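Just below is one structure, and these are the notes that go with it.
The values are calculated or read from the model by the stated rules, or taken from the named source; none is laboratory data. Keep in mind it's a predicted model, so treat the numbers as computed, not measured. Don't worry about glycine lacking a Cβ; one is built from the backbone with ideal geometry, like all the others, and counts go over all protein chains shown.
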């Protein structure tokens, strides 16, 4: 850790109004008006998940509770009470009043207790985060940034006249109360939009979204006919692949007996996960999709040549979206590249990890050229790509499919997983192709509307955060009453 400037230089050179003050005010160093107590290095051997006294660590400073407890002996002076002001001294230098139960002050957390009436306690709460943030920005580090209690003690806080401090606190609280009420309303709207989005997708995969459409289009090809075409194509693709294998070995089939090796998809289907319209048909996922696992990290060992390509990991395959912000690369044997390359329209499912990741996935839309996927991700490629909407399968997998995966997923001490056999047996409703197109169209219209509203809400929340900063900035330059009055 290295603070590149002194605290006084940081304040003097800063253009941030949160570090400013009215020209008539004095400054006082925090260490002159407060006691700064460092936490104690409690022995980790005495840590517990449920027994003992709550232990407040850096990660807990902005929370209302802690997941760590201490079973050893301790000095009473390290007991934190609700309302105590705490500062995390590593990472982001967060500070907050403790809102949880009484607990112990762990190392790298400090407690600040005013010992003077020079500064109103709430003004300290409002001012301190801005100074800590400025110090954090001027602290260099190789890994985690560190803050010292000495640096905290040197923070030069503005001290308005005593009679003005009460007015400042009252005005700040009035403005914050208004903003908090507005943000609470926006968050309620955000939660309602999330529920509405889930309701739209549920209606889509149950067939309720297109009830009127079905009445107006009674003569579309039934799903049963679509399945016949898909199964015929499934067999054709298998035969083509078998012939290619024989040709690669220099063999030619003498008769059709080799075709008897073809395995029809299992006839037994799991119970439907929801009711579906009469014109739809229930299928297994492996009836309508080719399911294939991805590449393992040791594939390179057996290859004479390989290419280095980007690949999807479990972390990249989220529920309802693909995260390509942190892509990694892997060496892929040249002869396996064609089999492992993703194609637009591939439906991806996660093998697992944490239980909530079981079957999580989305549709690959060609976000990256020449991309493969790891063995903990499954690819389900529609057999008749123009006849099946991949989005529909993914919506179903992320919705009702969760119950299926949770019920059948294998659980070990720390991990949960599904395998190819389980995924293959996922019961999926199959609507007629034209209805699938209509479903996607209606869903996309609704999602665009929801996304627009969510964007508006997010902008409102961001604006409220900026207004809070503006209120504080005006307060510490002495302008809050004049500008907000």
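Annotation note: of 391, 406, the sole residue that is touching a strand residue (DSSP E or B) at 6+ places or on another chain (Cβ under 7 Å), in a helix (DSSP H, G or I) and either free of Cβ contacts under 8 Å to residues at least 60 places away in the same chain or under 20 Å from residue 365 (Cβ atoms) (or both) is 391. Look at residue 378 and say whether it is touching a helix residue (DSSP H, G or I) at 6+ places or on another chain (Cβ under 7 Å), within 28 Å of residue 234 (Cα to Cα) and assigned to a strand (DSSP E or B). In short, yes. Output the residues belonging to the stretch 259-278 that are outside any loop (DSSP other than H, G, I, E, B) and farther than 18 Å from residue 290 by Cβ. Correct list: 259, 260. For residue 428, the criteria (1) surrounded by fewer than 15 Cβ atoms within 10 Å (Cβ to Cβ); (2) on the phi < 0 side of the Ramachandran plot; (3) not in a helix (DSSP H, G or I) hold in every case but one, which is (1). Residue 131 meets each of the listed conditions (1) touching a strand residue (DSSP E or B) at 6+ places or on another chain (Cβ under 9 Å); (2) more than 19 Å from residue 22 (Cα to Cα); (3) crowded, with 16+ Cβ neighbours inside 10 Å apart from (2).
Residue by residue, here is whether (1) farther than 18 Å from residue 41 by Cα; (2) in contact (Cβ under 8 Å) with a residue 40 or more places away in the chain holds:
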position	(1), (2)
75	no, no
86	no, no
89	no, yes
100	yes, yes
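The residues in the stretch 182-191 that are more than 20 Å from residue 319 (Cβ to Cβ) and either out of contact with any helix residue (DSSP H, G or I) (no Cβ under 7 Å at 6 or more places or on another chain) or not assigned by TED's automatic domain parsing to the domain that holds residue 447 (or both) can be counted, and the count is 4. For the stretch 175-197, a residue qualifies if it is farther than 13 Å from residue 460 by Cβ and over 26 Å from the mean Cα position of the chain (by Cα), and the qualifying residues are 175, 176, 177, 178.
All of 453, 423 fail the test of being in contact (Cβ under 8 Å) with a residue 60 or more places away in the chain, part of a helix (DSSP H, G or I) and touching a strand residue (DSSP E or B) at 6+ places or on another chain (Cβ under 8 Å), apart from 423.
Can you tell me which residues in the stretch 212-258 are part of a helix (DSSP H, G or I), closer than 26 Å to residue 401 by Cα and touching a residue at least 60 places away in the same chain (Cβ under 8 Å)? Of everything in the stretch 212-258, those that are part of a helix (DSSP H, G or I), closer than 26 Å to residue 401 by Cα and touching a residue at least 60 places away in the same chain (Cβ under 8 Å) turn out to be 213, 214, 223, 226, 227, 229, 230, 233, 234.
Exactly one residue out of 365, 287, 329 is in a strand (DSSP E or B), modelled with pLDDT of 90 or more and in the same structural domain as residue 406 (by TED's automatic domain parsing), and it is 329. Between 93, 74, the distinction of being under 15 Å from residue 18 (Cβ atoms) and part of a loop (DSSP other than H, G, I, E, B) belongs to 93 only. Taking the conditions exactly as written (assigned to a helix (DSSP H, G or I) and more than 24 Å from the chain's Cα centre (by Cα)), does residue 436 satisfy them or not? Yes: the conditions hold for residue 436. When 35, 65 are checked against the criterion of being out of contact with any helix residue (DSSP H, G or I) (no Cβ under 8 Å at 6 or more places or on another chain), modelled with pLDDT of 95 or more and over 21 Å from residue 133 (Cβ atoms), a single residue qualifies: 35. Residue 55 fulfils the conditions (1) assigned to a loop (DSSP other than H, G, I, E, B); (2) more than 30 Å from residue 8 (Cα to Cα) except for a single criterion, (1).
Screening the stretch 165-174 for residues that are buried (at least 16 other Cβ atoms within 10 Å of the Cβ) and within 23 Å of residue 112 (Cα to Cα) and picking the one that is farthest from the chain's Cα centre (by Cα) gives 165. Within the stretch 264-279, the set of residues being exposed (fewer than 13 other Cβ atoms within 10 Å of the Cβ) and modelled with pLDDT of 90 or more comprises just one member, 278.
Filtered by the rule that a residue be in contact (Cβ under 8 Å) with a residue 40 or more places away in the chain and surrounded by 15 or more Cβ atoms within 10 Å (Cβ to Cβ), the stretch 190-211 gives 190, 193, 197, 200, 201, 202, 204, 205, 206, 207, 209, 210. Restricting attention to the stretch 132-154, the residues that are more than 19 Å from residue 38 (Cα to Cα) and part of a helix (DSSP H, G or I) total 3.
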